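Report on one structure; see the data block that follows.
The values are calculated or read from the model by the stated rules, or taken from the named source; none is laboratory data. Since the model is a prediction, treat every value here as computed from it, not as a measurement. Reconstructed Cβ throughout: ideal geometry from the backbone, glycine too, with neighbour counts over all protein chains shown.
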Amino acid sequence: MAAKQIHAGLGLLLGLHLTLFAVPAEALTISPLIHYPDPEYNPNPDPEAPWFTVTAGNASVFHGYRTVLSGALTYNHETAVPGVYKIGFRWFQLEGRADSDIALYIDGALRVKVNSQDAPQGKNKDQAWHYAEYVLSAGAHEMKLVGTHHPTSGSGYNAYLHTFEIELVKELSPLQVQAELDAAGKEVKARLDAARSARIAVDNAMAKVSRKSVPAAMREISQDVEAGIVNGFPYLRNKQVVYLWARGKNGGGLLRIRDLISGKALLAVDEAEAASWKVDLKGEGQLSYENAGEPLKVKFDASAGEGKLSFTWALRDVRVEVETRLRSAESLARSRITVRAESEGTGLKTVVFPVVKGILPFTEGAKGDEILQSSSIGKMTGSPLISGMASQVAYPGASMQFTTLMGDGRGFYFAEEDGQANRKHFAWTPDTERGTLTFSISHPVLNWGAKELVREYGSPGDVVMGPFQGDWFDAARIYREWALTAPWSRKGPISEREDFPRWLARLGYWMNAPLKHETEVDLPFMTQDFFDLPDTICKDFGFSMGAYPHHDLNPEYLPPRLGSEGFARVVKKLRAKGIRVVPYVNGYLWNQGTESYRVEDAERRAGLLMESGIVPNTWVGSPDLSAAMCPATDLWRKKLGDLTKELVGKYGVSGVYIDYLSNHNADCFNKEHGHAIAGGNYWSRSVHSLYEHIRRGCKELDPEAMLSGEMAAEWCIDVLDTTHSGGVSSNAPVYFAVYHGYTQVFGGIENCTTPQTLGRWWLMGSPERGEQCDALARRWRGRRDGGLLQESAAL
Ligand SMILES: [Zn+2]
């Protein structure tokens, strides 16, 4: 028999083509089959080597050759000789570290699941190697590698496939194979029976809670809230919702949520897999812990209309405590986690909490389900169960700290009420085998990159989850209740703020125009006259001397291209006509070709140092390279502070637009800068403080000066008067639904001379997305007329 094989040459590796040819079956018995997706790690590929088919895959190919383990890669293997095979894969990390789950399925059954942070079975030149032995009958078998990337810091850190390998260990007769497979089948059946009886135990516990027949000794009641332990299962309930956790001996993960308003279940997961948290450590020994299977202690209490459960896991290297509360008349559970590194030489790196597995779709096959993500001003996308790809956002970057799954007029709400704006990653990951989703929020802890170990972490605010009725707007109303108490809302609504420029609140028109040549200066005048406009902003993105349109000389923009006197004269003339000039300033990049970069030793003193020891740079916007700056450094703070003061003081501009800073966030690992190394709120705190510094300097010179930034970011609304939305299209402008009255947003196409949109432009409809905008506008007006919106009408 000659098994038909497909040879994957360099063409396949580059995703270009496949060539077919036959390989004699005997070849399979001699040497292992190895699939190298990456030619760099296969210096001597043998074009005649036996091969097996790569039949499908959406694993992306990075830079044309590296196969990212983020997606699925399927092999069809034709087994010529029945026997015991060693099957496995090696992975490697490109730079820094990887954080992915990597699963191997054989004939549809999950055989190996590892996290790239787990200790591998063997190490060779930074490759991790995972394998096990399996019995294969003669014939076709499907093998699938599924990688799910869990970013915990920045956007990198993928695991990459090095090789996929199959090697015959021992030949077996077909009869022996059958006997082995039968034995394995019995084992599977026993496992299924055990799982079924565990599910019955869970159902019985839920029924007891629903019937309110938990013995008095095992529960506490306050108002309509009940906290207790039923048949070993901890639970919380009120009139709206029931939450049930796995038994203390089984890991204490969240098992069931029943929404009593709709009568529907939100969650179904086996007790052995019920999740709560995951902790990644640095140091020696076991570097990753999660709750599943780890025994714990549970206590319950209820008082003043609030039920409470306290979970404690005392493990070898870490002690984890979770407290979950449920109030009367609220469907949302509120939790906090504290984690302490216990053993010497062990520090915390990432705390993932909550982890919720087994989230059920709201609509059949998840076809009508949507995920709301707070990236930019808001976005709804289809369920990851349909795309097969995880939906992930990082905050900061995302504008707010909540997300929901919605469908059929119901929703599952997740938020973190963190007033410190710490770094976190929200991830919805599909489990397509089971048709459920996993949700998690991972927190790279503050200072994890420092030499000294971080020993403790505690939630900075409540982690909130639970069912609600409605859509994205209703979810926004839930978040708004907390958001208006967050530190960045402390100055109150715009209508009551002393430091918010009145003229900006009343602004009628926003134009972009480069004030580079005398001829271009005429454009804002002509626009103003033609439309007979009231107060206007002219965002000037071309006043500097560089060859490129706007930011090639950052931050050395001065003197302006029109000359010091010329520019000041033009600004004054425009202001006299009611047009306020707001020049562009890049808040993140320093041109490496400038004299100041060299003389002031910018790379060392202010460069944002990545974990790999490199200060990143870019060609964007300039014929020279520009380097990224660390917002926490004295040098960069002084640079931007002096520049903006000179613009406002000497040239009379009405404020500045600071590009990049709110959303180009990264961690700086330079230990000489004096800030915490990576994670936590290093970025948001440094940038907020930098904005505050600039704002103070400008306001001293002109109390009416304004500050604007790039991309919506809630944690800046007290220090930025307005922000660029990045674009005008959104199918869920949830940022406005949360922060209306408290901040201003402008939008449109970047750096162009067409008018910019202001505030709630989408209420007016738009030519391209008219229908959608009209529908949103109708709903918004409905809410307002129904008295649900507090408008800043005093403006
Ligand atoms: Zn730094």
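Summary table
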| item | result |
| --- | --- |
| Residue 214 vs. criteria surrounded by 19 or more Cβ atoms within 10 Å (Cβ to Cβ), farther than 30 Å from residue 340 by Cα and at pLDDT below 95 | yes |
| Any hit, the stretch 658-673, residues being over 25 Å from residue 616 (Cα atoms), more than 16 Å from the ligand (Cβ to nearest atom) and either modelled with pLDDT of 95 or more or not in a loop (DSSP other than H, G, I, E, B) (or both) | no |
| Selection within the stretch 590-622 - within 15 Å of the ligand (Cβ to nearest atom), buried (at least 21 other Cβ atoms within 10 Å of the Cβ) and over 16 Å from residue 677 (Cα atoms) | 590, 602 |
| Conditions (1) assigned to a strand (DSSP E or B); (2) touching a Gly at 6+ places or on another chain (Cβ under 6 Å): number failed by residue 392 | (2) |
| Some residue of the stretch 640-648 being in the same structural domain as residue 707 (by TED's automatic domain parsing) and basic (Lys, Arg) | yes |
| The stretch 570-606, residues that are of a type in the set (D, E, K, R) and part of a strand (DSSP E or B) | 580 |
| Within the stretch 577-588, considering residues that are more than 24 Å from the chain's Cα centre (by Cα) and either touching a residue at least 60 places away in the same chain (Cβ under 8 Å) or within 16 Å of the ligand (Cβ to nearest atom) (or both), the one farthest from residue 538 (Cα to Cα) | 586 |
| Single unsatisfied condition, residue 323 versus (1) buried (at least 22 other Cβ atoms within 10 Å of the Cβ); (2) closer than 30 Å to residue 220 by Cα | (1) |
| Where residue 635 falls short, out of the listed (1) within 16 Å of the ligand (Cβ to nearest atom); (2) in a loop (DSSP other than H, G, I, E, B) | (2) |
| Single unsatisfied condition, residue 654 versus (1) within 17 Å of residue 692 (Cα to Cα); (2) small (Gly, Ala, Ser); (3) within 15 Å of the ligand (Cβ to nearest atom) | (3) |
| Residue within the stretch 555-570 that is away from the ligand (no atom under 16 Å from the Cβ), acidic (Asp, Glu) and surrounded by 17 or more Cβ atoms within 10 Å (Cβ to Cβ) present | yes |
| Test: residue in the stretch 318-334 that is part of a loop (DSSP other than H, G, I, E, B), free of Cβ contacts under 8 Å to residues at least 12 places away in the same chain and not aromatic (Phe, Trp, Tyr) | no |
| Test: residue in the stretch 340-349 that is of a type outside the set (S, T, N, Q) and within 28 Å of residue 240 (Cα to Cα) | no |
| Residues located in the stretch 252-270, provided they are touching a strand residue (DSSP E or B) at 6+ places or on another chain (Cβ under 6 Å) and within 15 Å of residue 202 (Cα to Cα) | 252, 254, 255, 256, 257, 258, 265, 266, 267, 268, 269 |
| Qualifying residue in the stretch 632-641 (condition: over 19 Å from residue 689 (Cβ atoms) and among the β-branched types (Val, Ile, Thr)) | no |
| Selection within the stretch 231-287 - charged (D, E, K, R), closer than 23 Å to residue 468 by Cβ and assigned to a loop (DSSP other than H, G, I, E, B) | 239 |
| Restricting the stretch 335-359 to residues that are part of a loop (DSSP other than H, G, I, E, B) and in contact with a Gly (Cβ under 8 Å, 6 or more places away or on another chain), the residue that is surrounded by the most Cβ atoms within 10 Å (Cβ to Cβ) | 343 |
| Of residues in the stretch 506-541 being outside any helix (DSSP H, G or I) and over 42 Å from the mean Cα position of the chain (by Cα), the one surrounded by the fewest Cβ atoms within 10 Å (Cβ to Cβ) | 532 |
